[in-house]
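K.L.:
This is the structure I have questions about; it appears just below.
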Amino acid sequence: MKLATLRQGGRDGTLVVVSGDLTRCQAVPDIARTLQAALDDWDVCAPRLRDVATRIEAGAARHAAPFDAAACHAPLPRAYQWADGSAYVNHVELVRRARNAGMPASFYTDPLMYQGGSDGFIGPRDPIVARVAWGIDFEAEVAVITGDVPMGTPAREAARHIRLLMLVNDVSLRHLIPDELAKGFGFFQSKPASSFSPVAVTPDELGDAWRDAKVHRPLVVHLQNTLFGQPDAGQDMTFDFGQLIAHAAKTRSLAAGTIVGSGTVSNKQGGLRSSKVEHGGVGYGCLAEVRTYETIEQGEPATPFLGDGDRVRIEMFDAAGHSIFGAIENTVQALADAGGSAST
């Protein structure tokens, strides 16, 4: 089952059931007006939503309409909680190596996680609005939406609380991060609103690609119109989604509608040349990662962060080449800096 939220009917939008090929949809106000309402009463709503999905696939839905990803909010336009992990320890290793910092042993057994702003997300086709001087970066990730998760739920049981999966561009302002972390109190200004895929899907939509609480498909990233990365989301994932959810629920219960992210998808590779897609590598899920390779091998980064008008596209395809979640496609809309310029 695939679900989306259209930009109509108020700030939380209108829930629609979407066809498997992402071409048709139907609003379901008689079942749930919003995705959050469906999550709040999932055991009752989910079977009814599946019935609608079945009718759409059979061509028997009387009120089905064309589906337009550009008309979508994030599946949850706002959420009770957004917690982003760093499940791909390879990414953390590279970033720390670039600044000559060691890896604490605990990083391999205890996930890193931050609590992001969830009072409003940007849509899958919305601009990233920020100053170029802040070091604008994208981060291509997978995320899950949970039902209610009791405090202390162990990792072996946590994955059964996953209701939906989606993709996320966890926007980072890299030049603001060092000063924030130096205060010892975590991210805030350096983590603006994130962008999510147009569609959220139930785990069964992924078939054999969903196993061990991981998504075993490449996450395809284009910068401008050039392939930048296609790392496999199921490979080198040190902490699966069950472990991430259990970590978040260690000292608190999680409410239905909690979003938990994987962190930047990152695969172990060789050096700078061999990791690039044009040389047979899988590339990268963010600009910071290629910049770390450049720093390690060349002494300083050469690849710039995003500038005004730069566009990033994040998408995942099934084995037959069909888009699973639809595409995130964000373009930078640069704010003027102190000198009045929006360019680098």
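The values are calculated or read from the model by the stated rules, or taken from the named source; none is laboratory data. Keep in mind that this is a model prediction, so the values were computed, not measured. For neighbour counting, all protein chains shown are included, and Cβ atoms are generated from backbone atoms with ideal geometry for every residue, glycine included. Note: areas computed on protein heavy atoms with side chains; ligands, DNA, RNA excluded. Shrake-Rupley method; radii C 1.70, N 1.55, O 1.52, S 1.80 Å.
K.L.:
Here are some conditions: (1) over 30 Å from Q243 (Cβ atoms); (2) open to solvent by 10 Å² or more (accessible area, probe 1.4 Å); (3) of a type outside the set (K, R). V52 meets all but one. Which one does it not meet?
P.N.:
With respect to (1) over 30 Å from Q243 (Cβ atoms); (2) open to solvent by 10 Å² or more (accessible area, probe 1.4 Å); (3) of a type outside the set (K, R), V52 is out only on (2).
K.L.:
May I ask you to say which residue of G9, G20, G13 is out of contact with any His (no Cβ under 6 Å at 6 or more places or on another chain), in contact (Cβ under 8 Å) with a residue 40 or more places away in the chain and not hydrophobic (A, V, I, L, M, F, W, C)? Explain how you work it out, then say what you get.
P.N.:
Working: G9 fails: in contact (Cβ under 8 Å) with a residue 40 or more places away in the chain; G13 fails: out of contact with any His (no Cβ under 6 Å at 6 or more places or on another chain).
When all the criteria are applied, what remains is G20.
K.L.:
Anything in segment 293-313 that is β-branched (V, I, T) and open to solvent by 10 Å² or more (accessible area, probe 1.4 Å)? List them, or say none.
P.N.:
Residues satisfying the conditions are T295, I296, T303.
K.L.:
Separate question: What's the total number of residues in segment 2-41 that are in contact with a strand residue (DSSP E or B) (Cβ under 8 Å, 6 or more places away or on another chain) and at positive phi?
P.N.:
Residues that pass the stated criteria total 2.
K.L.:
When segment 42-92 is examined, which residues are found to be assigned to a loop (DSSP other than H, G, I, E, B) and within 19 Å of the chain's Cα centre (by Cα)?
P.N.:
Passing the criteria: H73, A74, P75, L76, P77, R78, A79, Y80, S86, A87, Y88.
K.L.:
I need every pair where a residue in segment 59-80 that is more than 14 Å from C25 (Cβ to Cβ) has its Cβ under 9 Å from the Cβ of a residue that is open to solvent by 30 Å² or more (accessible area, probe 1.4 Å) and hydrophobic (A, V, I, L, M, F, W, C), sequence separation at least 6 or different chains.
P.N.:
Pairs that qualify, where the first residue is more than 14 Å from C25 (Cβ to Cβ) and the partner is open to solvent by 30 Å² or more (accessible area, probe 1.4 Å) and hydrophobic (A, V, I, L, M, F, W, C), are A74/I122; Y80/A255.
K.L.:
Something else: Could you tell me which residue of segment 75-118 is surrounded by the fewest Cβ atoms within 10 Å (Cβ to Cβ), considering only residues that are modelled with pLDDT under 95 and acidic (D, E)?
P.N.:
Per the stated criteria, the residue is D110.
K.L.:
Take M316 and tell me if it is open to solvent by less than 60 Å² (accessible area, probe 1.4 Å), touching a Leu at 6+ places or on another chain (Cβ under 7 Å) and touching a residue at least 40 places away in the same chain (Cβ under 8 Å). Break it down into steps so the answer makes sense when it comes.
P.N.:
Working: open to solvent by less than 60 Å² (accessible area, probe 1.4 Å): yes; touching a Leu at 6+ places or on another chain (Cβ under 7 Å): yes; touching a residue at least 40 places away in the same chain (Cβ under 8 Å): yes.
Yes, satisfied.
K.L.:
Can you tell me which residue in segment 245-266 is farthest from V92 (Cα to Cα), limited to those that are open to solvent by less than 10 Å² (accessible area, probe 1.4 Å) and over 14 Å from the mean Cα position of the chain (by Cα)?
P.N.:
Checking each candidate, the answer is A256.
K.L.:
Being assigned to a helix (DSSP H, G or I) and open to solvent by less than 20 Å² (accessible area, probe 1.4 Å) is the filter here; which residues of segment 1-41 pass it?
P.N.:
L35, A38, L39
K.L.:
Determine, yes or no, whether A65 is open to solvent by less than 60 Å² (accessible area, probe 1.4 Å) and in contact with a helix residue (DSSP H, G or I) (Cβ under 9 Å, 6 or more places away or on another chain).
P.N.:
Criteria not met by A65.
K.L.:
Just give me the residues in segment 93-117 being in a loop (DSSP other than H, G, I, E, B) and of a type in the set (D, E, K, R), in sequence order.
P.N.:
R99, D110
K.L.:
Residue check: is G321 open to solvent by less than 30 Å² (accessible area, probe 1.4 Å) and in a loop (DSSP other than H, G, I, E, B)?
P.N.:
No.
K.L.:
Hey, another quick one. Considering only segment 270-291, how many residues are among the polar types (S, T, N, Q) and surrounded by fewer than 22 Cβ atoms within 10 Å (Cβ to Cβ)? So that I can check it myself, show each step before the final result.
P.N.:
Taking segment 270-291 as the starting set, the residues that turn out to be among the polar types (S, T, N, Q) are 274-275.
Going one step further and asking which of them are surrounded by fewer than 22 Cβ atoms within 10 Å (Cβ to Cβ), we end up with 274.
So the count comes out to 1.
K.L.:
Here is a follow-up. Can you pull out the residues in segment 67-87 that are touching a Pro at 6+ places or on another chain (Cβ under 8 Å), under 30 Å from E297 (Cα atoms) and not hydrophobic (A, V, I, L, M, F, W, C)?
P.N.:
Residues satisfying the conditions are G85, S86.
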